[in-house]
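The structure appears right after this line, and notes come after that.
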Amino acid sequence: MNDLDRRLIEAVCRNDLQSAKKIVKIILEQDKTQKNRMFVNRYLTMLNNSAMNLMELPADLKNLLIMEDVSVSFNENRYYLSNRENEIVGKILKLYKASQRLAEIGVNYINSTILYGESGTGKTTFGRYVAYKMGVPFAYLNFSRVVDSYLGSTQKNISKVFDHVKQQKCVFMIDEIDAIGMRRRDSKEVGEMSRIVISLMQNLDTLTSDVVLLGATNRLDIIDEALLRRFTTKHEVKKLNEQERYEMASKFLADVDFDYEDEWLVGFCERDNTQAGLMNELVEALVERYVEDE
Ligand SMILES: Nc1ncnc2c1ncn2[C@@H]1O[C@H](COP(=O)(O)OP(=O)(O)OP(=O)(O)O)[C@@H](O)[C@H]1O
Ligand SMILES: [Mg+2]
């Protein structure tokens, strides 16, 4: 019995499924033998599935918040980190360490970044990456879902989410944070919406240095000024340029063992595309290849 076997047995006997999954992932990744390749890939794919790695939440939060154990589900081999995002993740990590030290001397600093940019540039994926790098869970709140619920209960729901998030170290992403801005245009709802913005801001002010806050939007222009000020860093997640698209595609194709002519890939990456668009086309190319092989 080796050390990993022992740790796996301990985790299973303690009913600690999260740890068991992490150990199984290590065991699978260590096996590089040809004979087990299919087995390893099949089960790594299952482990990497986000839905498989959602953490248990209290019943009244299940429809509002998602808590994901990205240490198992995030696949770094398929994530392309541009220099811009590398810089910002470095800054977030440094601020995190600084904010922890500040907490020791009684100064509360909330490490908060708003990510903006067009749809499909990888804002949400970047949030998961930050949590993965920090080794903490990824708490995800889609703000438009909270706002779209009965307006009257929105403030109560916001508080419930924050009360839960505050209890742990995590990266907390509030996605579609522009949802309130959108609704504010409807004059009938202005008063109610202002109350929601205020409530959100009051809750943001109660966060501590254990939570790294990320906001995400593709409509920076309609976000309330006071709300925007709560975010100390503002970062645009941009579409990749041609060279970067080539690097992202090569990284992905290497990880899925796809053989190709360099010329083909160069042509493939010439087309302007968002990260999401590029990924979709890569998957299509894989599908085509597999269909041909059948
Ligand atoms: N840096 C990246 N490396 C690899 N794949 C990426 C990257 N960024 C995005 N993707 C791919 O694009 C998909 C969409 O990205 P994501 O949902 O994070 O975009 P988004 O900016 O949050 O979009 P939206 O504004 O519509 O919510 C991801 O599921 C992933 O497959
Ligand atoms: Mg998103």
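The values are calculated or read from the model by the stated rules, or taken from the named source; none is laboratory data. Computed from a prediction, not measured in an experiment: that's the story for all the values here. FYI the Cβ positions are ideal-geometry reconstructions off the backbone, even for glycines, and counts take in every protein chain you see. What goes into the accessible areas is simple: the full protein's heavy atoms, side chains included, and nothing from ligands, DNA or RNA. Shrake-Rupley method; radii C 1.70, N 1.55, O 1.52, S 1.80 Å.
Comparison of N49, N63, N53 shows that the only residue that is touching a Ser or Thr at 6+ places or on another chain (Cβ under 9 Å) and surrounded by 17 or more Cβ atoms within 10 Å (Cβ to Cβ) is N53. Within region 92-102, is even one residue within 16 Å of ligand 2 (Cβ to nearest atom), of a type in the set (V, I, T), outside any loop (DSSP other than H, G, I, E, B) and within 16 Å of the chain's Cα centre (by Cα)? No.
Summed over region 211-232, the residues that are polar (S, T, N, Q) and open to solvent by 20 Å² or more (accessible area, probe 1.4 Å) give a count of 2. Being free of Cβ contacts under 8 Å to residues at least 24 places away in the same chain and charged (D, E, K, R) narrows it down to one residue among K91, K123, K97; which is it? Only one candidate passes the filter, namely K97. The sole residue among E68, E76 that is open to solvent by 30 Å² or more (accessible area, probe 1.4 Å) and within 30 Å of N15 (Cβ to Cβ) is E76.
A count restricted to region 75-88 and to residues that are in contact (Cβ under 8 Å) with a residue 40 or more places away in the chain and more than 11 Å from ligand 1 (Cβ to nearest atom) stands at 1. Here N203 meets the list (1) closer than 24 Å to H164 by Cβ; (2) without any contact (Cβ under 8 Å) to a residue 24 or more places away in the chain almost entirely, failing just condition (2).
Looking only at residues that are within 16 Å of ligand 2 (Cβ to nearest atom) and modelled with pLDDT under 95 in region 149-179, which one is surrounded by the fewest Cβ atoms within 10 Å (Cβ to Cβ)? Looking at residues that are within 16 Å of ligand 2 (Cβ to nearest atom) and modelled with pLDDT under 95, I get E176. I'd like the full set of residues that are of a type in the set (D, E, K, R) and within 16 Å of ligand 2 (Cβ to nearest atom), limited to region 202-243. If the condition is that a residue be of a type in the set (D, E, K, R) and within 16 Å of ligand 2 (Cβ to nearest atom), then R219, E236, K238, K239 are the ones that fit.
A quick yes/no check of all residues on (1) touching a Cys at 6+ places or on another chain (Cβ under 8 Å); (2) polar (S, T, N, Q); (3) surrounded by 13 or more Cβ atoms within 10 Å (Cβ to Cβ):
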| position | (1), (2), (3) |
| --- | --- |
| I92 | no, no, yes |
| Y96 | no, no, yes |
| L102 | no, no, yes |
| N111 | no, yes, yes |
| R128 | no, no, yes |
| P137 | yes, no, yes |
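Results for (1) assigned to a helix (DSSP H, G or I); (2) touching a residue at least 60 places away in the same chain (Cβ under 8 Å); (3) near ligand 1 (Cβ under 10 Å from one of its atoms); (4) over 25 Å from S194 (Cα atoms), shown as yes or no for each residue.
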residue	(1), (2), (3), (4)
D221	yes, no, no, no
A226	yes, no, no, no
F231	no, yes, no, no
K251	yes, yes, yes, yes
D257	no, no, no, yes
L265	yes, no, no, yes
F268	yes, no, no, yes
D272	no, no, no, yes
